[in-house]
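The values are calculated or read from the model by the stated rules, or taken from the named source; none is laboratory data. Everything numeric here is computed off the predicted structure, so don't read it as measured data. Glycine gets a Cβ as well: all are built from the backbone with ideal geometry, and neighbour counts include every protein chain shown.
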Amino acid sequence: MPNTIFRGIFDTDMTSVISLPDFLICVGSALIIGMILAASYMWGTRYTKSFVATLAMLPAIVCVVIMMVNGNVGAGVAVAGAFSLVRFRSVPGSAKEIGAIFLAMGTGLVVGMGYIGYAFLVAVILGGMTFLYNRLDLGAGKSMALYKTLHITIPEDLDYTGVFDEIFNKYTDECELVQVKTTNMGSLFRLTYHLKMKKGNEEKGLIDELRCRNGNLEITVSRQENVVGEL
């Protein structure tokens, strides 16, 4: 019974079956690799508990799936299709999160193929590079702090076309109106601008002059999150 309980009911004598010790070694290794990748992602990065837990489990899940495919071309195609749906059935994530997921899936695939040493090597090298890039803030230029998103509320009788151009020319290098929205039963307009400030310490001056034009209604300035497109 112990020799047959882990065999598939459709297996034949010609089918190679993964032994229980090998299965446990691969899954255990994948779990350790998942913890390495999760720890490297957590360092210096904003994260959620659910995402880190998923990242830690993902190599083991992929490892089990790859071991069960075990050379079956049809099953391999089905698994590839299932993995491709994950990206589109989930909430859009940042480029960093997507990269971490693909790294976890890749290491799980390597372990599932039986190359445990290479899987640990990939996890250590790429996990270490992730840690290093987070520490160095690679790609985070100082100019990124100059990009702002401005939300300004104006009364409905104020023609917003060009009314703020003089102020924007004084304080910004770039200015783009990206959204116009009515609010308060149509009595107010809420405008959204993407700005690039000339200097990072002139936000208060910009807000003070805008308040004189919009009747001292609500104004919000925040960091522009979508300066460049995420994956």
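Every test in (1) at pLDDT below 90; (2) under 21 Å from Leu146 (Cβ atoms) is passed by Glu209 save one, and that test is (1). Are there any pairs, at least 6 apart or on different chains, whose C-beta atoms fall under 6 Å, with the first in the stretch 23-51 and under 13 Å from Leu103 (Cα atoms) and the second surrounded by fewer than 18 Cβ atoms within 10 Å (Cβ to Cβ) and at pLDDT below 85, and if so, which? Note: pairs meeting the criteria are Ser40/Phe131. Looking at (1) at pLDDT below 90; (2) under 19 Å from Glu218 (Cβ atoms); (3) under 25 Å from the mean Cα position of the chain (by Cα), find the lone condition where Asp137 falls short. Unmet for Asp137, out of (1) at pLDDT below 90; (2) under 19 Å from Glu218 (Cβ atoms); (3) under 25 Å from the mean Cα position of the chain (by Cα): (2).
The residue that is surrounded by the most Cβ atoms within 10 Å (Cβ to Cβ), counting only those in the stretch 16-52 that are outside any helix (DSSP H, G or I) and of a type in the set (S, T, N, Q), is Thr45. Considered as a group, the residues in the stretch 107-133 that are touching a residue at least 24 places away in the same chain (Cβ under 8 Å) and surrounded by fewer than 17 Cβ atoms within 10 Å (Cβ to Cβ) include one that is farthest from Val27 (Cα to Cα), and that residue is Gly128. Considering only residues that are loosely packed, with under 14 Cβ neighbours inside 10 Å and over 35 Å from the mean Cα position of the chain (by Cα), look in the stretch 183-225 and name the one that is farthest from Pro155 (Cα to Cα). Per the criteria, the residue is Asp208.
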